[in-house]
């Protein structure tokens, strides 16, 4: 079974520029998550999709971050404009149905550096 | 709200030593508990889980028991290897969906 795919692996941009990340979850997984992991901390949920609908985006900074999951398969996360504090690893995860107690499968992440 | 507290690292051990990484949690409901491991440059991998009180999760020699009375889920291994060097995250999911709340992570360094 192919795992969660993310691209790019690394991205370096200057502040105020825009950037986009892509995620392709495990085939058949209905639930997709985006996390932000700042150095030295645990991942923090940004947004959760169930198929192509948003379940939870309460911690997404909506003035600069946006995400979509068209057709309920792959997803993109965008930051515009980027700030220095957005430097982090952005992790995508998926799970089969999103039921409580179900483990999540993570991609390798995109490491974003803001200059 | 929900929260997870882990012991701070790094934890430095010699090969074959006994490992304990403490984890306690606060949750509004009856959560499921997880340990994830993150190797350098990689994403998180599920190590083990437990979904109800007194359940013991185990995998690759690691164990953790869901203790509701002490709200704890401590990770243990009887004999660590150099290859176990990684960052370990305790996490919980609560409520109707599987949204995870993570601790800050504990780095484990094992020397030969």
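The values are calculated or read from the model by the stated rules, or taken from the named source; none is laboratory data. This one's a predicted model, so the numbers in the text were calculated from it and none came from an experiment. Cβ atoms come from the backbone with ideal geometry, glycine included; neighbour counts cover every protein chain shown.
Scoring residue B:48 on the criteria (1) within 14 Å of chain A (Cβ to nearest Cβ); (2) modelled with pLDDT of 95 or more; (3) surrounded by fewer than 17 Cβ atoms within 10 Å (Cβ to Cβ) leaves a single failure, condition (3).
The residues listed here are B:87, B:110, B:37; of these, the one that is within 12 Å of another protein chain (Cβ to nearest Cβ) and touching a helix residue (DSSP H, G or I) at 6+ places or on another chain (Cβ under 9 Å) is B:37.
Scanning segment B:81-111 for residues that are assigned to a loop (DSSP other than H, G, I, E, B), over 15 Å from the mean Cα position of the chain (by Cα) and at pLDDT 95 or above gives a single hit, B:81. Say we look at segment B:57-74 and pick out the residues that are assigned to a strand (DSSP E or B) and under 12 Å from the mean Cα position of the chain (by Cα); which of these is farthest from residue B:26 (Cα to Cα)? Checked segment B:57-74; the qualifying residue farthest from residue B:26 (Cα to Cα) is B:59.
Taking residue B:41 as the residue in question, decide whether it is in a loop (DSSP other than H, G, I, E, B) and either buried (at least 22 other Cβ atoms within 10 Å of the Cβ) or touching a residue at least 40 places away in the same chain (Cβ under 8 Å) (or both).
Numbers: in a loop (DSSP other than H, G, I, E, B): yes; either buried (at least 22 other Cβ atoms within 10 Å of the Cβ) or touching a residue at least 40 places away in the same chain (Cβ under 8 Å) (or both): no.
No; evaluated as a whole, the condition is false for this residue.
Go through B:99, B:24, B:70, B:20 for me and flag whichever is away from every other protein chain (no Cβ under 13 Å) and under 26 Å from residue A:56 (Cβ atoms). Answer to the check: B:24.
Being facing another protein chain (nearest Cβ under 9 Å) and surrounded by 12 or more Cβ atoms within 10 Å (Cβ to Cβ) is true for just one of B:6, B:81. Which residue is that?
Sole residue among the options that is facing another protein chain (nearest Cβ under 9 Å) and surrounded by 12 or more Cβ atoms within 10 Å (Cβ to Cβ): B:6.
Across segment A:50-92, the number of residues qualifying as within 11 Å of chain B (Cβ to nearest Cβ) and either loosely packed, with under 14 Cβ neighbours inside 10 Å or closer than 28 Å to residue B:88 by Cβ (or both) comes to 8. Taking strands (runs of 3 or more DSSP E) as the structural unit, those lying wholly within segment A:11-60 and holding at least 3 residues that are more than 12 Å from the chain's Cα centre (by Cα) correspond to A:53-56.
Only one of B:23, B:90 is touching a residue at least 60 places away in the same chain (Cβ under 8 Å) and closer than 19 Å to residue A:36 by Cβ. Can you tell me which?
Details: B:23 fails: closer than 19 Å to residue A:36 by Cβ.
Of B:23, B:90, the one residue that is touching a residue at least 60 places away in the same chain (Cβ under 8 Å) and closer than 19 Å to residue A:36 by Cβ is B:90.
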